[in-house]
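First up is the structure itself, then whatever we jot down about it.
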Amino acid sequence: MTGPRAGKAAILRTLLEKGVLAPGCYDGLSAALVQAHGFQAAYVTGGSIAYSRLGRPDIGLVSMSEVAETIALIADRVEIPLIVDADTGFGNALNVMRTVRTFERAGATAIQLEDQQMPKRCGHLAGKSLVSCEEMVGKLKAALDTREDALIVARTDAIAVEGFDAALERAEAYVEAGADILFVEAPPSDEAMKQLCAQFDGRAVLLANMVEGGSTPIRPAQELYALGYRLVIFPGAFARTVVQAANDMLAVLKRDGTTEKYWDRMVDLKGINDAIGTGELIEHGKRYSPEMASFATLLTDGDA
């Protein structure tokens, strides 16, 4: 891989030395807002892609091509590194190889693989099942052999299925296989997080997954960095906020027949255009198309 995308893995590696807080995103707008608020990376969450594109839960319904299309749209909109949830790799080791190639071409800076069986489900839902440790190690090696530049994130869901000690054993095997980042899903307590960080201190870049209402205690990023984590994700916070805000607005509209009493919690037409960079894009387009000048006038007049 060549060009600007290839350098983002090196940027992410450098950022991880001190710690990275990556909000979840699932489309161009959510990613643009994450970048606008100064975050240095974003986490492209499979769960929120399922919520937003399908209106369905994170139970393995989203396809590899749907995630790849989402990555490409986001990468076209923002410059920050993208850590991408690739679920199980969408199959066996051969599927993993295709997934890694496809996602890296689409713009993924880091690619996360997990040891669940297909169809997978959210790491904080019950009823999961796992592939063998040996199979997962093979899939990780296939990913590492295939990637050109992207970091590989190894996730184990073993705590909920096999217990904490078994999860640590799997984590050891995944680090030995060469994973760049280690993600032990759903430690149930501060003590478990401390033990995990102590065991892998200096040997692995650790990821902490903060899920509102999930199994793991929610802690601020700085506290997690102090424990030893170097990547902290809040994957579903954006989507959960959208659901709450949208429900509130729709209730007002249903009751009143107008959104007027919700305006203090909305951006207006100018606000949405500012957020999506309309003015900047129109100015850029005017370099190539005289028609853009008239469109810019309409935008200024509030008719666009």
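The values are calculated or read from the model by the stated rules, or taken from the named source; none is laboratory data. Small disclaimer: the values here were computed from a predicted structure and weren't measured. As a convention, Cβ positions derive from the backbone with ideal geometry for all residues, glycine included, and neighbour counts pool all protein chains shown. Only protein heavy atoms, including side chains, enter the accessible area calculation; ligands, DNA and RNA are left aside. Shrake-Rupley method; radii C 1.70, N 1.55, O 1.52, S 1.80 Å.
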Cα convex hull volume per residue for segment 1-89, in Å³, equals 104 Å³
Once the mean of 1/r over all distinct C-alpha pairs in segment 194-259 is inverted, the Kirkwood radius in Å reads 14.3 Å
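Obtain the radius of gyration and the Kirkwood radius of segment 124-212 from its C-alpha atoms and give Rg over Rh.
Working: Rg = 12.8 Å, Rh = 13.4 Å.
Ratio of gyration radius to Kirkwood radius: 0.95.
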Interchain or sequence-distant (5+) residues whose placed amide H lies within less than 5 Å of the amide H of residue 108 are none
Most fluctuating of 208, 50, 226 in the GNM of the chain (C-alpha, under 10 Å) is 226
So the carbon and sulfur contribution to the accessible area of segment 208-297, 1.4 Å probe, in percent, is 60 percent
If each K or R counts +1 and each D or E counts -1, the residues other than residue 274 whose Cβ falls under 12 Å of its Cβ total -1
With the 1.4 Å probe rolled over protein heavy atoms, the chain has an accessible area per residue in Å² of 49 Å²
Phi-derived 3J(HN,Hα) across segment 91-103 with the Karplus relation (6.51, -1.76, 1.60, θ = phi - 60°), rounded Hz, x for Gly and Pro, is x, 8, 4, 5, 5, 4, 4, 5, 4, 4, 4, 5, 5
Taking only C-alpha positions in the chain, Rg and Dmax in angstrom work out to 20.8, 66
Comparing 271, 91, 24 in a Gaussian network model of the chain (Cα, 10 Å), the one with the largest mean-square fluctuation is 271
Among 262, 229, 288, the residue with the largest mean-square fluctuation in a Gaussian network model of the chain built from Cα contacts under 10 Å is 288
A correct Karplus calculation of ³J(HN,Hα) over segment 211-226, with 6.51 cos²θ - 1.76 cosθ + 1.60, θ = phi - 60°, whole Hz and x for Gly and Pro, returns 10, 4, x, x, 7, 9, x, 7, 10, x, 4, 4, 5, 5, 4, 5
